[in-house]
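Structure first, then comments.
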Amino acid sequence: MEKYKYIDLFAGAGGMSLGFDKAGFENVLAVEYDECFAETYKFNFPDHNLKVEDIKNISNDEIKKIIGNNKIDVIIGGPPCQGFSIAGRIGRNFIDDERNQLFKEFVRFVNVIKPKIFVMENVAALKTHNKGKTIEEIVNEFKNVGYTVKYDVLNAVNYGVPQQRRRIFIIGTLNENNKFEFPKKTNKYITIKEALKGLPELKSGETSNIPNHNAMHHSKQMLEKMSYVKDGGDRNDIPEELRPKSGDIRKYIRYNSKEPSICITGDMRKVFHFNQNRALTGRELARIQTFPDNFIFKGNAGKVQQQIGNAVPPKLAFQIANSVKEVLDNE
């Protein structure tokens, strides 16, 4: 049986692509602007058709030429919506805000290609921003190009991901009856201790032979203070005479080994391992995002953290992909 075909826009390191590949989909095109992110994508998906380009520079004619005779079933991606956070407060409509041009590019690709279904991921706050007017604008943009839309905020922790991570998923189908059903929640949370099991211990600044599993350097002062902080504790565990009186509240806290992780972002240098006196390595962060150990991230430590933090957890993407497949199978 021929595989369903998909396009990944704003592909990043490839979390969504990995999930859809594992669900049996075939990639026809991936688009990523950042060269370092693209290097990671290219290394892990050598058979994919990756275009390293500003999406705004890809014309409609070029889109059609790239796609050729392929029939695209799904377009996936998470366009940055930089302007939504303040657009409502200053009386500006989401769609009219020039900073949301990348969202418009996602809509343009959908309109040109007309896939049977699309999947768009973004921050959870999009659902309630500007008293619901922003999500209404987004839905209307897709309606205007012929799609029926459903959306919901999913927490990755409910889908086998050892992390509290809330994101909105917006799903559109080309027919009037959108039969997409969001995946069912699992009953068991995975703890951070379970997720990191088997990786070798490291000291501050120590390297290992496991890709992306190298510990960053910390100052002696930071290490001394954090030596007092217990599993799941924070700066209040530090003796008062050494305790920082101000500063970033994300500093001087330690992961709780008995709970899923807090949300992984592009900068996790200030949160320490639950029982090792250092921040998590890139490989540990990737484990929490459910990337397999053979998925290699390219670039310096900062870029690696950014790629991991920006990604859709592949395990959640896999669940979404299976729900998409059910819709396509029943057409």
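The values are calculated or read from the model by the stated rules, or taken from the named source; none is laboratory data. In this text, all values refer to a predicted model and were calculated from it rather than measured experimentally. Note: ideal-geometry Cβ built from the backbone for every residue, glycine included; neighbour counts use all protein chains shown.
Are any of the residues in region 204-217 over 21 Å from F37 (Cβ atoms) and in contact with a helix residue (DSSP H, G or I) (Cβ under 7 Å, 6 or more places away or on another chain)? There is at least one residue in region 204-217 that is over 21 Å from F37 (Cβ atoms) and in contact with a helix residue (DSSP H, G or I) (Cβ under 7 Å, 6 or more places away or on another chain). If the condition is being under 16 Å from V304 (Cα atoms) and either touching an Asp or Glu at 6+ places or on another chain (Cβ under 8 Å) or of a type in the set (K, R) (or both), then region 201-210 contributes only I210. Here region 234-260 is the region considered, the condition is being among the acidic types (D, E) and farther than 13 Å from E224 by Cβ, and the residue that is nearest to the chain's Cα centre (by Cα) is E259.
Check whether at least one residue in region 145-165 is basic (K, R), surrounded by 14 or more Cβ atoms within 10 Å (Cβ to Cβ) and over 20 Å from K270 (Cβ atoms), and report yes or no. Steps first, please.
Residues of region 145-165 that are basic (K, R), as a first pass: 150, 165.
From what is left, the residues that are surrounded by 14 or more Cβ atoms within 10 Å (Cβ to Cβ) are 150, 165.
Still in the list and also over 20 Å from K270 (Cβ atoms): 150.
Yes, region 145-165 contains a residue that is basic (K, R), surrounded by 14 or more Cβ atoms within 10 Å (Cβ to Cβ) and over 20 Å from K270 (Cβ atoms).
Among the residues of region 172-189, at least one is small (G, A, S) and closer than 20 Å to F118 by Cβ.
Determine if region 36-49 includes at least one residue that is of a type in the set (K, R), modelled with pLDDT of 95 or more and within 21 Å of V107 (Cα to Cα).
Narrowing region 36-49 to residues of a type in the set (K, R): 42.
Narrowing further to those that are modelled with pLDDT of 95 or more: 42.
With within 21 Å of V107 (Cα to Cα) added as a condition, the list becomes none.
No, that holds for no residue.
Identify all residues within region 185-232 that are of a type in the set (S, T, Y) and either touching a strand residue (DSSP E or B) at 6+ places or on another chain (Cβ under 8 Å) or over 22 Å from T40 (Cβ atoms) (or both); write none if there are none. Break it down into steps so the answer makes sense when it comes.
Looking only at region 185-232, we keep the residues that are of a type in the set (S, T, Y), and these are 186, 189, 191, 204, 207-208, 219, 227-228.
Once the filter is applied, which keeps residues that are of a type in the set (S, T, Y) and either touching a strand residue (DSSP E or B) at 6+ places or on another chain (Cβ under 8 Å) or over 22 Å from T40 (Cβ atoms) (or both), region 185-232 yields T186, Y189, T191, S204, S219, S227, Y228.
Condition first: hydrophobic (A, V, I, L, M, F, W, C), buried (at least 18 other Cβ atoms within 10 Å of the Cβ) and closer than 18 Å to L280 by Cβ. Now tell me which residues in region 217-257 satisfy that. Explain how you work it out, then say what you get.
In the first step, residues of region 217-257 are kept if they are hydrophobic (A, V, I, L, M, F, W, C); the result is 222-223, 226, 229, 238, 242, 249, 253.
The next check asks that each one be buried (at least 18 other Cβ atoms within 10 Å of the Cβ); those that pass are 222, 226, 229, 238, 253.
M222, M226, V229, I253 - these are the residues of region 217-257 that are hydrophobic (A, V, I, L, M, F, W, C), buried (at least 18 other Cβ atoms within 10 Å of the Cβ) and closer than 18 Å to L280 by Cβ.
Selection within region 272-323: residues that are β-branched (V, I, T) and surrounded by 21 or more Cβ atoms within 10 Å (Cβ to Cβ). The member of this set that is farthest from E121 (Cα to Cα) is T281.
Yes or no, residue by residue, for (1) under 21 Å from V74 (Cα atoms); (2) in contact (Cβ under 8 Å) with a residue 60 or more places away in the chain; (3) assigned to a loop (DSSP other than H, G, I, E, B); (4) over 19 Å from the mean Cα position of the chain (by Cα):
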| position | (1), (2), (3), (4) |
| --- | --- |
| N140 | yes, no, no, yes |
| K150 | yes, no, no, yes |
| V157 | no, yes, no, no |
| N178 | yes, no, yes, yes |
| L199 | no, yes, yes, yes |
| S204 | no, yes, yes, yes |
| N209 | no, no, yes, yes |
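Would you call V229 farther than 20 Å from P200 by Cα and either aliphatic (A, V, I, L, M) or out of contact with any Pro (no Cβ under 7 Å at 6 or more places or on another chain) (or both)? Judged against the criteria, V229 is a match. Return yes or no: is K133 over 30 Å from F297 (Cβ atoms), exposed (fewer than 15 other Cβ atoms within 10 Å of the Cβ) and touching a strand residue (DSSP E or B) at 6+ places or on another chain (Cβ under 9 Å)? In short, no. Just one of (1) in contact (Cβ under 8 Å) with a residue 40 or more places away in the chain; (2) farther than 27 Å from I72 by Cβ; (3) assigned to a helix (DSSP H, G or I); (4) not charged (D, E, K, R) fails for Q101. It is (2).
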